[in-house]
Amino acid sequence: MLKKLVLTLLLTFSLNLFAQEEKEEIFDIDSRQKEVFLNAETALKDQELNRAYAFFSLAQNFGSNKEIKDLSLKKSDSLKVILRTNLTKEITGNWKLITAESWAMREPSDSVVAKMITINLDQILFYELYPKTKKWSLIKTEKLVFTDKPNMSSDPLYISYSNKDVWSYYIDKTSGGLIAYFIGQEHDTGISEIICGNTKIEYFKLQ
């Protein structure tokens, strides 16, 4: 996930800074800013868009070179649109739940036997299947809205629900399945993120 990439870059940057301080070397923050920016440009040239976005996001948040900051902001904003468009295309389709979860107790004749979601360019539709009706029933619709609220990893791909719950949707590269990962709650100034015990829901794609 992009979140892991950004956190890795931030951790690497922090460790390098700490190591250099321990050696009592002079740390040139502006030189590092330029280095990060050049890494972003290289990643962009190589079409490593997630990596490029992470580097540009980092370069705009430290150092004193205003030109680099402004250019990094402009390029990260452009990449944000591309990454969101690409993700939306990837997750579009019909996905059936395969993760066991605790559903609300119902009468046996009215129990849910399956769940699925349909994702299109601007909506996520949630369905349940009941044995009596033998057809999928729409139970909830959410707009597919990416949040711009700041988060710990500067991830631009978090999706905000109408109740302010924030989720990360992504394709598992090994299984090809869809993962919905609960991040936390959106508020006025940012996102309150859960560090551990996050809900993870897995789906497989229906043909």
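Some observations on this one:
- Placed amide H near residue 123: partners under 5 Å, 5+ positions off or other chain: 144
- Charge tally in the Cβ shell below 15 Å around residue 42, where Lys, Arg are +1 and Asp, Glu are -1, residue 42 excluded: 0
- Two-decimal log10 I(q)/I(0) for the range 71-207, as the Debye equation yields it once each C-alpha is a single scatterer, q = 0.20 Å⁻¹: -1.31
- Structure note, pairs 96/200; 45/173; 115/205; 74/173; 89/205: Cα-Cα distances above 19 angstrom occur for 45/173; 74/173.
- Area accessible to solvent at residue 138, 1.4 Å probe radius, in Å²: 90
- With the simple spin-label model, which puts each label point 7 Å out from Cα in the Cβ direction, the residue 192 to residue 35 separation comes to 3.9 nm.
- Surrounding net charge for residue 191, when Lys and Arg each add one and Asp and Glu each subtract one, Cβ distance under 11 Å: -4
- Contact order, relative form, for the range 45-90: 39 percent (alpha carbon pairs under 8 Å, 6 or more residues apart, mean separation divided by residue count).
- Measuring nothing but how far apart in sequence close Cα pairs (under 8 Å, 6+ apart) lie, relative to its length, the range 126-177 scores a relative contact order of 22 percent.
- Computed with a 1.4 Å probe on the full set of protein chains, the accessible area for residue 130 sits at about 40 Å².
The values are calculated or read from the model by the stated rules, or taken from the named source; none is laboratory data. Remember, it's a predicted structure, so these values are computed and weren't measured experimentally. Ideal geometry is used to build each Cβ from the backbone, glycine not excepted, and the neighbour counts take in all protein chains shown. SASA here: full protein model, heavy atoms, side chains in, ligands and nucleic acids out. Shrake-Rupley method; radii C 1.70, N 1.55, O 1.52, S 1.80 Å.
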